[in-house]
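Okay, so here's the structure we're looking at.
A short reminder: the numbers here are calculations on the coordinates, not readings from a lab. Keep in mind that what you see is a predicted model, and the values were worked out from it rather than measured. Cβ atoms come from the backbone with ideal geometry, glycine included; neighbour counts cover every protein chain shown.
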Amino acid sequence: MSVCCASAQLTFPSHTTTPRRVSARMSNQPPKPTTTTTSIFTSATKLLWGPSLPPGLLISTARTAWSTVWHLMMTQLAPSDSSGSYTRPTSQFRLNPTQFPSAASSELHLYVGLPCPWAHRTLIVRALKGLDDAVSVSVASPGQDGSWEFKDNNIPIRDKDKLIPGLDKANRCRNLKEVYKSRTGGYDGRCTVPMLWDSRKKDVVCNESYDIIEFFNTGLNELAKNPSLELTPPELKGKIETWNRIVYPKVNNGVYRCGFAQSQEAYDRAVNELFSTLDEIEDHLGSNRYLCGERLTLADVCLFTTLIRFDPVYNILFKCTKKKLVEYPNLYGYLRDIYQIPGVAATCDIPAIMDGYYKTLFPLNASGIQPAISLSGHQDSLLIPHNRDSVGKAFVAQNAV
């Protein structure tokens, strides 16, 4: 679906209705059911709740039908293995760290969606490195059919540099699929964000998030406003790789393995791995400010984009329910620490994140109803002092006594 994971768009049959003069989107009034639609629902109601079917048979029939349709939709949304465990498809366009494209010969444009944690990584590193002028951005909106769309939201000029869903600034396409298809040589595969585009060559540079953030960190320093910031220092490379091997499968992808599990066995395995890993990280952060010590690294950026979505989305929608993040004092302080780094908060749009998950992941939330969460309270809590400035130093001092 739109949240960076679909392998195909979901399509559903629609009833033929009588045209109305004012569309539902343009009117504040709820659409009135047409005669055709009303008769269909009336007939269905009489069939289901009338004397035609006994209640037991009705429930059994409905359960079987819904289960079949649900598994079909989940197969399109989230491919799984024979045990029902979610298997994330691989990215098709990769970057070789030893062969980064030349900044001088490229005109780079980044396509993102605000709900997507993988796209969020690229926005954070772009902000931290000061690449706002070097890499322009188009923000897509999640479509009802699982696609990423570009819409004219009449963004005021004063907000033109803010991360707000709008039009495709590079190619003027209607949706992301059109952008991919317009590349040199064409394309007919999965159309995901983030995607880095070269406007000069009219081609996809990369759609693998980690490749993109590595490139932003080291490959564009001649254009960066903050070139001295190094998020993959050589002396920490081993630790970064170790944490990535833990965090990616069990946390970043782990929450999706919980939410997209198609069997109880697959869910139990995923949720147990997720929370045992969070427990491990919680303990580690008791004596380390960041994952690799005193310095922020790409490993922290990757963990952060999952944590910021944990309580509003994953805890509820993906059934990651053993604990809320606020119940982990070190992890929650760590989340606030990174959120309060200049530039990071501007990349976090909690309302857009919730819309993107609750309104478009139809198989997981067919009603589209969002849970009641105080968004202002959630965002205000992220600004509470984190008091983690001296975490590692205090631990060293304590153990030196």
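Here the residues ASP349, ASP145, ranked from fewest to most Cβ neighbours within 10 Å of their Cβ, fall in the order ASP145, ASP349. Among LYS250, LYS319, the order by Cβ neighbours within 10 angstrom, fewest to most, reads LYS319, LYS250. Normalised Debye scattering of segment 235-318 at q = 0.14, 0.20, 0.23, 0.25 Å⁻¹ gives log10 I(q)/I(0) of -0.48, -0.90, -1.11, -1.25, counting only Cα atoms as equal scatterers and leaving out solvent. By other beta-carbon atoms within 10 Å, ranking ILE157, ILE308, ILE350, ILE59 with the fewest at the front produces ILE157, ILE59, ILE350, ILE308.
Taking label positions 7 Å along the Cα-Cβ direction at both ALA372 and ASN221, the computed distance is 5.3 nm, reported to one decimal. Let me make sure I get this right: for segment 118-266, a, b and c are the square roots of the gyration tensor eigenvalues over alpha carbons, sorted descending. Under 1.5 in a/c it's rounded, otherwise prolate if a/b > b/c, else oblate. Which is it? In terms of gyration-tensor shape, oblate. Normalised by 2.2 N^0.38 Å, where N is the number of residues, the C-alpha radius of gyration of segment 89-198 stands at 1.06. Normalised size of segment 234-400, defined as Cα radius of gyration per 2.2 N^0.38 Å with N residues, equals 1.07. In the calculated pair-distance distribution of segment 269-363, the portion above 15 angstrom amounts to 63 percent of the Cα-Cα pairs.
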